[in-house]
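The values are calculated or read from the model by the stated rules, or taken from the named source; none is laboratory data. These numbers come from a predicted model, not from an experiment. All Cβ positions, even for glycine, are placed from backbone atoms using ideal geometry, and neighbour counts span all protein chains on display. Side chains are part of the model used for accessible areas, which takes the heavy atoms of the whole protein and leaves out ligands, DNA and RNA. Shrake-Rupley method; radii C 1.70, N 1.55, O 1.52, S 1.80 Å.
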Amino acid sequence: MRIGLLDSTLREGEQTAGVSFTVEQRVEIAKALSEAGVAMIEAGHPTVAPDIYEGIKIIMKLKREGIITSEIVGHSRAVKSDIETAAELEVDRIAIFYGVSDIHLKAKHKVSREEALNIIAEHVRFAKEHGVKVRFTAEDATRTEYDYLVEVVKTARDAGADRVSIADTVGILYPSRAKELFQKLTRDVSGVEYDIHAHNDLGLAVANSLAAIEGGATIVHTTVNGLGERSGITPLQQIAAAIKYHFGIDVIRLDKLPYLASLVEKYSGIVMPPNYPITGDNAFLHKAGVHVAGILSDPRTYEFMPPEVFGRTRDYVIDKYTGKKALKDRLERLGIRINDEELDKVLLKIKSNPASRTYNDAELIDLVEEVTGRSLKPKPPDGIEAVVSISCDSNVYTTTITRKLANIPGVTELMEISGDYDIIAKIKVKDVIELNKVIETIRSIKGVKSTLTSLILKRL
Ligand code: COA
Ligand code: ZN
């Protein structure tokens with residue numbers, strides 16, 4: 001099975017109410033998507049706004065330099081000036097959309113079915129004359145009479161489109177119908193490949209996309225965090241994980257999903273709920289005692305796949321739903337051993353706490369001390385160690401910054417790395433005040449874009 005993703009966070013994603021990306025953000029998102037290995041990036045509709053045009057221009061430069069490797073798609077109406085603008089940016093592919101259902105033909109385009117076919121043929125041909133690959137998007141395809149849809153696809157193909165996107169524009173597809181539609185299209189029209197563009201108005205975008213793959217679609221449209229018009233489209237993280245689980249295919253680098261999700265959360269300002277699949281805070285966080293007991297024995301009991309596959313880790317919380325096995329395990333991890341009688345007492349306290357809340361490690365230690373009367377507090381350490389991950393501006397030499405870092409007192413080790421950060425610095429200092437000073441000094445170095453500090457915790 002040959003299957004790839006087209007991510008449209010920069011086009012459909014920016015059609016989310018309240019969302020607008022800057023040029024720099026567009027470029028950073030495109031780089032992250034390419035690094036994750038999406039087959040195609042729909043980088044925007046260049047005639048919509050100058051910053052979209054500018055973003056695509058820089059993205060194409062990075063493409064030529066080999067920094068971005070995904071195929072870059074520019075969006076366009078069936079309007080010659082739209083096509084020319086996309087073509088002058090030298091995108092790899094122009095995607096021309098046109099509403100083909102009777103509703104769209106009548107209400108928007110005010111043309112007959114026959115006239116629409118001529119418009120589609122003319123504009124696909126016009127784009128092809130500019131030497132680019134062309135995808136035709138049959139907007140509202142799922143509310144289009146099947147025989148006419150076949151004519152539309154044949155027209156686009158004969159005019160030079162090698163791909164046709166079947167857009168479920170208002171999200172009314174149903175999985176079994178999706179599979180059947182793609183099966184019929186691949187059977188009735190050869191010489192063209194199909195994309196599925198599934199809107200999520202009924203929450204069925206992922207299911208419909210999976211069914212479309214079964215029916216023969218070879219590209220699935222996604223956005224990071226499922227952004228898009230109204231309720232959005234198929235979320236990248238959910239479809240990538242589902243394709244891995246159901247078809248055994250790594251359609252992208254799955255361990256890049258948490259970074260992509262948080263990058264797009266930051267730039268879109270749209271925060272995902274904790275129970276969001278795959279990248280949500282709770283996606284691999286367990287709670288009920290029976291579940292945690294199962295997980296401790298074999299994580300497969302309550303996880304469809306190990307979190308590490310998706311660059312995540314598993315954990316569990318302690319609260320009134322906790323059982324003895326979970327509590328014992330948590331305390332042992334904290335280096336605390338108590339007898340069964342004490343364990344029962346601690347658990348009873350947790351369960352009968354009227355505030356009924358989650359206990360963090362420090363609160364749990366306090367509680368155990370209260371119940372057992374023993375002091376468990378670790379002695380204060382005689383120094384602290386931290387790891388600071390540093391990312392540099394793209395126009396500076398990492399090595400220059402590494403040299404400057406080496407001169408800062410307290411920095412004990414340096415490593416240049418590739419990925420989301422450029423340099424890792426290990427720091428050993430007396431206390432937090434000194435640590436903050438060192439971090440401030442690092443941040444003041446010209447060319448240092450951002451830092452992330454993690455303390456090295458040691459059990460004393
Ligand atoms: N092909 C050709 N023309 C289309 C079309 C298509 N697929 N879809 C809509 N149109 C036409 C409409 O018929 C209408 O034309 P008219 O002005 O001659 O009646 C026009 O495009 C849309 O109306 P409006 O938005 O008022 O036109 P505009 O000229 O002010 O702006 C855009 C056009 C595209 C620049 C503007 O709508 C925009 O910035 N849109 C954002 C991108 C977008 O809408 N994407 C949809 C992706 S599914
Ligand atoms: Zn859409």
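List of remarks:
- Scoring 384-390, 427-433 by mean Cβ neighbours within 10 Å over their residues and listing the highest first yields 384-390, 427-433.
- Contact order, relative form, for segment 4-268: 19 percent (alpha carbon pairs under 8 Å, 6 or more residues apart, mean separation divided by residue count).
- Separation of alpha-carbon centers, segment 224-252 and segment 367-425, rounded to whole Å: 34
- Applying 1/(1 + (r/R0)^6) with R0 = 25 Å to the Cβ-Cβ distance of LEU285 and GLU265 gives a FRET efficiency near 0.90.
- Sum of side-chain charges, ASP201 neighbourhood, beta-carbon under 14 Å (Lys, Arg +1; Asp, Glu -1): -2
- Across all C-alpha atoms in segment 384-455, the radius of gyration and Dmax reach 11.1, 34 Å.
- Under 5 Å, built H, 5+ apart or other chain: amide partners of GLU139: TYR98, GLY99, VAL100
- Contour minus Cα-Cα distance for GLU416 and LYS349 (0.36 nm per residue): 19.3 nm
- Under the simplified labelling scheme, the SER190-ALA362 pair shows an inter-label distance of 6.9 nm, with each label point 7 Å from Cα along Cα→Cβ.
- In percent, rounded to a whole number, the relative contact order of the chain is 10, using alpha-carbon pairs under 8 Å and six or more apart.
- Rounded to the nearest 500, the 222 nm mean residue ellipticity of the chain from helices alone is -12500 deg cm²/dmol, with -39,500 (n - 2.57) taken per DSSP H run of at least 4 residues.
- Across segment 225-239, coupling constants 3J(HN,Hα) worked out from phi with the 6.51/-1.76/1.60 Karplus curve, θ = phi - 60°, read 6, x, 5, x, 3, 6, 8, x, 10, 3, x, 3, 5, 6, 6 Hz, and Gly and Pro carry x.
- Note on segment 62-190: Lys pairs 8 or more places apart or on different chains, Cα atoms under 26 Å apart, count 19.
- Straight Cα distances below 13 angstrom link LYS446 to the aspartates and glutamates ASP393, with same-chain residues fewer than 8 positions distant left out.
- Whole-percent P(r), the chain, all Cα pairs, 20 Å bins from 0: 21, 44, 27, 8, 0.
- Calculated FRET efficiency for the pair LYS377/VAL19, C-beta based, R₀ 60 Å, to 0.05: 0.80
- Per atom type, segment 285-372 shows carbon and sulfur on 51% of its accessible surface, probed at 1.4 Å.
- The string of couplings for segment 443-454 from the Karplus curve (6.51, -1.76, 1.60, θ = phi - 60°) is 5, 7, 5, 5, x, 7, 8, 8, 9, 9, 9, 10 Hz, one whole number per residue in order, with x for Gly and Pro.
- Eligible lysines near LYS345 by straight Cα distance, threshold 17 Å, same-chain separation 8 or greater: LYS320, LYS324, LYS325, LYS328
- Extension reserve of the ARG177-ASP329 stretch, reckoned as 0.36 nm per residue once the Cα distance is removed: 49.9 nm
- Radius 12 Å from Cβ of SER444, net charge of other residues (Lys, Arg +1; Asp, Glu -1): +3
- Toward the positive end of the charge dipole of the chain, with +1 on the Cβ of Lys and Arg and -1 on the Cβ of Asp and Glu, the farthest Cα among LEU117, ILE424, ALA207 is that of ILE424.
- Heavy atoms of the protein chains alone define the surface here; on that basis the chain has 47 Å² accessible area per residue at 1.4 Å probe size.
- VAL79/ALA406 FRET efficiency (R0 51 Å; Cβ-Cβ; nearest 0.05): 0.35
- The residues neighbouring LEU6, those whose beta-carbon lies less than 13 Å from its own, together hold a net charge of -2 under the Lys/Arg +1, Asp/Glu -1 convention.
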